[in-house]
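None of the figures in this text is laboratory data; all of them are computed from the coordinates on show. Keep in mind that this is a model prediction, so the values were computed, not measured. Here the Cβ positions follow ideal geometry from the backbone for every residue, glycine too, while neighbour counts run over all protein chains shown.
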Amino acid sequence: MTIQKFGSATLQEINEIEEQYKVKLPNDYVEFLQEFNGGVIEKNDENKVFIKDTSAYIHVDVLYGLQTGSRTSDIETWMNKFEDDLLEHAMIIGDDLMQGFIVLICEGEFEGVYYWDDSYQFDDSTDEENTYWIADSFSSFVKQLI
């Protein structure tokens, strides 16, 4: 995965976002934020992820960061807008070229990375079912992009 990173998030910034949204981010995602703080993914065949439940691919566009200097690339922007629509312990961490969201559920029976098709790009998406499993962990998700 080639990523144009947004910089580096500090542990203090990460702790603040965890406290603000009442989540405990997994270690692999914390390390990613500390090293990259999100970033724009290069547009090529390596930025696609297969969504098994739809038999389709999404192309990851941006992985959001903390205090990036760009509202559209900042976790806080999207969490403030959509927090009430998310499951408990979930955080929006990115988007794809179709403007759906990459969501990280940090604990519980649904822990993992999901694609939230909030714009109903997939024919199968409905108000009741528009979230699709991608990976069990952030590390597994990133491996699909390499």
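Here mean projected area of the Cα convex hull in nm² was computed from the coordinates, and among [x] 7.9; [y] 13.1; [z] 9.3 the match is [x].
Considering only SER8, PHE110, PHE82, and ranking their Cα positions along the charge dipole of the chain that arises from unit charges at the beta-carbon of Lys, Arg, Asp and Glu, the one farthest toward the positive end is SER8. Residues with beta-carbon under 14 Å from that of ALA56, excluding ALA56: net charge, scoring Lys, Arg +1 and Asp, Glu -1? Its environment carries a net charge of -3.
Could you tell me the relative contact order of the chain? Use alpha-carbon pairs under 8 Å, at least six residues apart, and round to a whole percent.
21
Among the trypsin sites (Lys or Arg not before Pro) within segment 1-53, which fall in a DSSP loop and have no more than 15 other Cβ atoms within 10 Å of their own Cβ? Sites meeting the loop and neighbour criteria: LYS22, LYS24, LYS43, LYS52. Using R0 = 30 Å, the C-beta based FRET efficiency linking ASP124 and LYS43 works out to 0.75. Subtracting the Cα-Cα distance of GLN4 and GLU109 from 0.36 nm times their residue separation leaves 34.5 nm of extension gain.
Compared with the alpha-carbon gap, the fully stretched path from SER140 to HIS59 is longer by 27.6 nm at 0.36 nm per residue. Only DSSP H runs of four or more residues enter the estimate; each adds -39500 (n - 2.57), and after division by the residues of the chain the mean residue ellipticity at 222 nm equals -6500 deg cm²/dmol.
Each Lys and Arg adds +1 at its Cβ and each Asp and Glu adds -1 at its Cβ; summed about the Cα centre, segment 9-133 shows a dipole of about 380 debye.
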